[in-house]
1. If a residue counts only when it is among the basic types (Lys, Arg), which helices (runs of 4 or more DSSP H) contained entirely in the chain have at least 3 such residues?
2. When the residues of the stretch 5-42 are narrowed to those that are aliphatic (A, V, I, L, M) and crowded, with 17+ Cβ neighbours inside 10 Å, which ends up nearest to Leu92 (Cα to Cα)?
3. Out of the residues in the stretch 22-45 that are touching a residue at least 12 places away in the same chain (Cβ under 8 Å) and over 23 Å from Tyr97 (Cα atoms), state the one that is farthest from the chain's Cα centre (by Cα).
4. Please go through the stretch 56-79 and give me each residue that is acidic (Asp, Glu) and either surrounded by fewer than 17 Cβ atoms within 10 Å (Cβ to Cβ) or out of contact with any Phe, Trp or Tyr (no Cβ under 9 Å at 6 or more places or on another chain) (or both), ordered by number.
Amino acid sequence: MSEPSADYISSVRGYLRYTASNAIIDGEIKDLINAARDDLVLGGVLPVMVTDETDPLIKRAIGVYVKAEFGLDNSDSEKYRAAYNDLKLRLLLADKYIVGSVSEGG
């Protein structure tokens, strides 16, 4: 699976309300983006959809996952984890994300 772009990491950093780039924070964000992508694929979402950095539902699901798992003292983690699981379920119910209206060579 491809690595998240710098713009994507920056966008997700914005969900966390961090405005400045920081190598340590960006590293954790990148790891969490990759974990979210892997979790979505393991659940059944097509890898091509999971790595689409322009898809608003995928981007939102990944952003919420990152908000749930970011940092050590996160009092809202359960709320965000529930929101992520709800978004993931909705993605898994939409043909676009699991069987693909994405063209696969023809």
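What follows is calculated from the coordinates using simple rules that are stated; it is not laboratory data. Quick caveat: nothing in here was measured; it's all calculated off a predicted structure. Here Cβ is always computed from backbone atoms with ideal geometry, including for glycine, and neighbour counts include all displayed protein chains.
1. Details: elements: 6-15, 23-43, 47-50, 56-69, 77-92, 95-98.
In the chain, 56-69, 77-92 are the helices (runs of 4 or more DSSP H) which contain 3 or more residues that are among the basic types (Lys, Arg).
2. Leu40
3. Of all residues in the stretch 22-45, those touching a residue at least 12 places away in the same chain (Cβ under 8 Å) come to 25-26, 28-30, 32-41, 43-45.
In the following step, the residues that additionally are over 23 Å from Tyr97 (Cα atoms) were identified as 25-26, 28-29.
Working: Ile25: 16, Asp26: 14, Glu28: 13, Ile29: 10 Å.
Here the answer is Ile25.
4. To start, the set of residues in the stretch 56-79 that are acidic (Asp, Glu) comprises 69, 73, 76, 78.
Result: Asp73, Asp76, Glu78.
Residues are listed down the side, and each one gets a yes or a no for (1) under 9 Å from the mean Cα position of the chain (by Cα); (2) touching a residue at least 12 places away in the same chain (Cβ under 8 Å); (3) under 27 Å from Ile98 (Cα atoms):
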site	(1), (2), (3)
Ala20	no, no, no
Pro47	no, yes, yes
Arg60	yes, yes, yes
Gly63	yes, yes, yes
